[in-house]
């Protein structure tokens with residue numbers, strides 16, 4: 001999937017001081033999403049908005065988990 005160079009670059013990024021900024025930004029985006037009102041005109045639209053919002057939050061978290069997982073794989 002990823003080349004050795006790409007894995008090495010991900011590892012370097014995660015180990016850098018800038019990584020904490022990416023994590024804080026992701027959490028800020030998640031908090032913004034979670035604060036959004038999902039109530040709509042119909043129950044189905046409300047459900048749809050709620051599920052889309054939760055999907056976005058889970059997608060962001062899974063993306064970061066996968067990046068961390070790369071660091072545990074052999075290069």
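Could you say whether any residue in the stretch 20-43 is surrounded by 11 or more Cβ atoms within 10 Å (Cβ to Cβ) and within 20 Å of residue 8 (Cα to Cα)?
Scanning the stretch 20-43 turns up at least one residue that is surrounded by 11 or more Cβ atoms within 10 Å (Cβ to Cβ) and within 20 Å of residue 8 (Cα to Cα).
Can you go through 3, 13, 46, 21 and tell me which one is at pLDDT below 95 and out of contact with any strand residue (DSSP E or B) (no Cβ under 9 Å at 6 or more places or on another chain)? Write out each step before concluding.
Numbers: 13 fails: at pLDDT below 95; 46 fails: at pLDDT below 95; 21 fails: at pLDDT below 95.
Just a single option satisfies the conditions, and that option is 3.
How many residues are farther than 25 Å from residue 63 by Cβ and out of contact with any helix residue (DSSP H, G or I) (no Cβ under 7 Å at 6 or more places or on another chain) if we restrict to the stretch 38-51?
The first filter runs over the stretch 38-51 and keeps only residues farther than 25 Å from residue 63 by Cβ, leaving 39-46.
Subsequent filtering for residues that are out of contact with any helix residue (DSSP H, G or I) (no Cβ under 7 Å at 6 or more places or on another chain) retains 41-46.
Counting residues in the stretch 38-51 that are farther than 25 Å from residue 63 by Cβ and out of contact with any helix residue (DSSP H, G or I) (no Cβ under 7 Å at 6 or more places or on another chain) gives 6.
The values are calculated or read from the model by the stated rules, or taken from the named source; none is laboratory data. Note that the structure is predicted; figures quoted are calculated from it, not measured. Cβ coordinates were reconstructed from backbone atoms using ideal geometry, including for glycine residues, and neighbour counts include every protein chain displayed.
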